[in-house]
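Worksheet: one structure, shown below.
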Amino acid sequence: MIPVWHDAQFHARIARLTPHARFGCGTLHPMRRADHHPSRRTFLDVTGAMMAAGLTAGCTSDSARPGRHAPPAGATPMPVAATGRHQAGITIPQPAQPNLLAVVADLGATVAPGPLLAELGQAIRTLTAGTDTRLMGLPPGDLTVTVGVGPRLVRTAGASLPGAADLPRFSRERIASPARGGDLLVQICAGDALLLPVVAAALLDQAGDRIRERWRQSARRGANVSVGNGLTAPRNPLGFIDGIVGPHTTAAQQRDLWLAGPPAVAGGTLAVLRRMELDLPRFAALSVAEQEAVFGRRRASGAPLSGGTVASSPELGAKTPDGRYLVPANAHVRRANPTVVGAGLMLRRSYSTDEPAPGLLFISFQNDLRTFTATLAHMDTSDALLPFTTTTASATFLILPGFDRQHPLGSQLFG
Ligand code: HEM
C-alpha cells in the first residue's frame, strides 16, 4: 500500500516531539577538518570501533519550522526530526548546518533497492536520535541525512517517473567518469564536522558490499547573513551572498520544490549536484564594480544593481540615463532569473569547497529537472560567471519521500 502523509499529521507529530527537544543532547565539538579524500573504497569496516553507547536518546526536534535562527555560538544545535512527510536536510534546519559530506555510490547489479533503503532509513533514525553505537557516543546535534536515488534505479521503478532522466552535458565540464551520475546519494549535514565521516562510515558499513562508492565531497558554509523576511544565506568563496532567491514560502515550496505525484514519489524532490571549481585569482583581479557586474548584485549588501535592498527583486528593465542596463545583459542574476528563463524556482543549498580545489558544491532542489537544465542552458550561452567555473562532478537524484518507522525509506517507490 502506498502511504500518504498529510501535513496535519506531520505537524502534530512535530508538536508531540517538542517537549523532548533538548533532552540528553551534549555540547558542540570544536570544528575539525572532515575527510576530503575522494575514495574508491567499496565499504568501510567499523565494527571494531563499535564501543560506546549513544548518549543522546530522546533528541527529537521542533526545528522543522522554517525561519528559526541558529543557536548562539557554542550552544548545542537543535536536533532535527529525521522522519515526516519530507526528508530533512532540504528545507530544515533553517539555516542549513555549516558542514556537509556528500557520498555518491552505485548499487551492485543484483541488489534490491527496497531492503537496502529501508535499512539505511532505520540507521538514519538511530544515528540522528543518538542511539546508534556506531556514533561512538558523539552527540548528533542537528545531524541530518538525506538520501536520493539516481536515474538508473528510478527507471527500474518506472521509465517516466520524475528522476528517471539523466542530466545532459553542458559547457565547461571536466568530469572524470566516476564523478558523473551515480545510483545513490547520501547527503550528511551537521553543525559538528567530526560527525560527517563517522556517520558516512556507519551507513557504508550498513550497506556493506551491496554498494560501491564513486566519489565524495566535503564542504562548508560561511557565516549566515540576514537577507530579509527572517531568512539568512551565507557568502560563497567569491564573497557574494548566495541563496537569496528561492522557494522560501510554503506556497512556493508546494509549487516548485516538492513532488506532488505520482504517489510513488509524492513528498520527494529532485536534487542536482555540480562540483564547480572557481578561478579565485582571476576573479580577485577584477575591481569590485566588475565583480558586481558579473553577478548583478552588490558584493557587500547583496542588493541588486537596479537598487533597493538585498530582499528586492532585480529590476531587469532599469537603465542608466545613457541607456545601459543597470543589471548587465550577461549578469548571472539576469541569465539565471526564473522569469527570463521561463522556469520554476530552485532551492539552492550550496556549500563551499577547498579540496580538491576551491569552489562551490552547487546543490539545488526542484520538482522539475527542467528548472535546472533550462536555467543552465540559458546561462551557458553568455553568463559572465561561467568563465570563472569548471565543473568537475555532476549528478541528479530523486530525493525519496519522507519516512518513519511504519513507512520505511524507499517503500513508496520500491515497496
Ligand atoms: C560556482 C557557481 C555559482 C555561483 C558562485 C553562484 C552564485 C550566485 C549568486 C551570488 C547569486 C545571487 C544571489 C542569490 O539569489 O542567491 C545567484 C543567483 C542565482 N543562481 Fe547562481 N551561482 C552559481 C551557479 C549557478 C548554477 C549552476 C545555477 C543553475 C543552473 C544557478 C542558479 C541561480 C539562480 C536561479 C539564481 C537566482 C537568480 C535571480 O532570480 O535573481 N547558479 N547565484
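The values are calculated or read from the model by the stated rules, or taken from the named source; none is laboratory data. The shown structure was predicted, so the numbers you read here are calculated from the model rather than taken from an experiment. Note that each Cβ is placed from the backbone with ideal geometry, even for glycine, and that neighbours are counted across all protein chains shown. For the accessible areas, the whole protein counts, side chains as well, though only heavy atoms, and no ligand, DNA or RNA atoms are used. Shrake-Rupley method; radii C 1.70, N 1.55, O 1.52, S 1.80 Å.
Across the stretch 304-352, the qualifying residues are those that are assigned to a strand (DSSP E or B) and within 16 Å of VAL245 (Cβ to Cβ), and the one among them that is nearest to the ligand (Cβ to nearest atom) is ARG348. Within the stretch 256-277, the set of residues being of a type outside the set (Ser, Thr, Tyr) and away from the ligand (no atom under 15 Å from the Cβ) comprises TRP258, LEU259, ALA260, GLY261, PRO262, PRO263, ALA264, VAL265, ALA266, GLY267, GLY268.
Of the residues making up the stretch 388-411, not a single one is in contact (Cβ under 8 Å) with a residue 12 or more places away in the chain, within 11 Å of the ligand (Cβ to nearest atom), in a loop (DSSP other than H, G, I, E, B) and open to solvent by less than 20 Å² (accessible area, probe 1.4 Å).
Being out of contact with any helix residue (DSSP H, G or I) (no Cβ under 9 Å at 6 or more places or on another chain) and polar (S, T, N, Q) is a description that does not apply to GLN206. Quick check on my filter: what residues within the stretch 114-139 are outside any loop (DSSP other than H, G, I, E, B) and either open to solvent by less than 20 Å² (accessible area, probe 1.4 Å) or of a type in the set (Asp, Glu) (or both)? Result: GLY114, LEU116, LEU117, GLU119, LEU120, GLY121, ALA123, ILE124, LEU127, THR128, LEU135. No other residue among ARG216, ARG212, ARG255 is of a type in the set (Lys, Arg) and closer than 30 Å to PRO281 by Cβ apart from ARG216. Quick check on the stretch 278-293: of everything there that is of a type outside the set (A, V, I, L, M), part of a helix (DSSP H, G or I) and away from the ligand (no atom under 14 Å from the Cβ), which residue is nearest to ASP383 (Cα to Cα)? Among them, the one singled out is GLU290. For the stretch 223-263, residues that are part of a strand (DSSP E or B), under 19 Å from the mean Cα position of the chain (by Cα) and among the hydroxyl-bearing types (Ser, Thr, Tyr) total 1. Given the structure, is SER301 in a loop (DSSP other than H, G, I, E, B), open to solvent by less than 50 Å² (accessible area, probe 1.4 Å), more than 23 Å from LEU185 (Cα to Cα) and more than 10 Å from the ligand (Cβ to nearest atom)? So SER301 fails the test. Restricting to the stretch 219-252, name every residue that is open to solvent by 60 Å² or more (accessible area, probe 1.4 Å), hydrophobic (A, V, I, L, M, F, W, C) and either more than 10 Å from the ligand (Cβ to nearest atom) or modelled with pLDDT under 95 (or both). Hits for the stretch 219-252 are ALA223, ALA251. Annotation: of all residues in the stretch 268-298 being acidic (Asp, Glu) and free of Cβ contacts under 8 Å to residues at least 24 places away in the same chain, the one that is surrounded by the fewest Cβ atoms within 10 Å (Cβ to Cβ) is GLU290. Just for the stretch 353-365: of the residues that are hydrophobic (A, V, I, L, M, F, W, C) and near the ligand (Cβ under 8 Å from one of its atoms), which one is nearest to GLN187 (Cα to Cα)? Per the stated criteria, the residue is PHE362. Every condition in (1) open to solvent by 30 Å² or more (accessible area, probe 1.4 Å); (2) out of contact with any Lys or Arg (no Cβ under 8 Å at 6 or more places or on another chain); (3) more than 7 Å from the ligand (Cβ to nearest atom) is met by LEU369 except one, and the failing one is (1). In the set (1) crowded, with 24+ Cβ neighbours inside 10 Å; (2) of a type in the set (Asp, Glu); (3) closer than 18 Å to ALA105 by Cβ, the condition left unmet by ASP142 is number (3).
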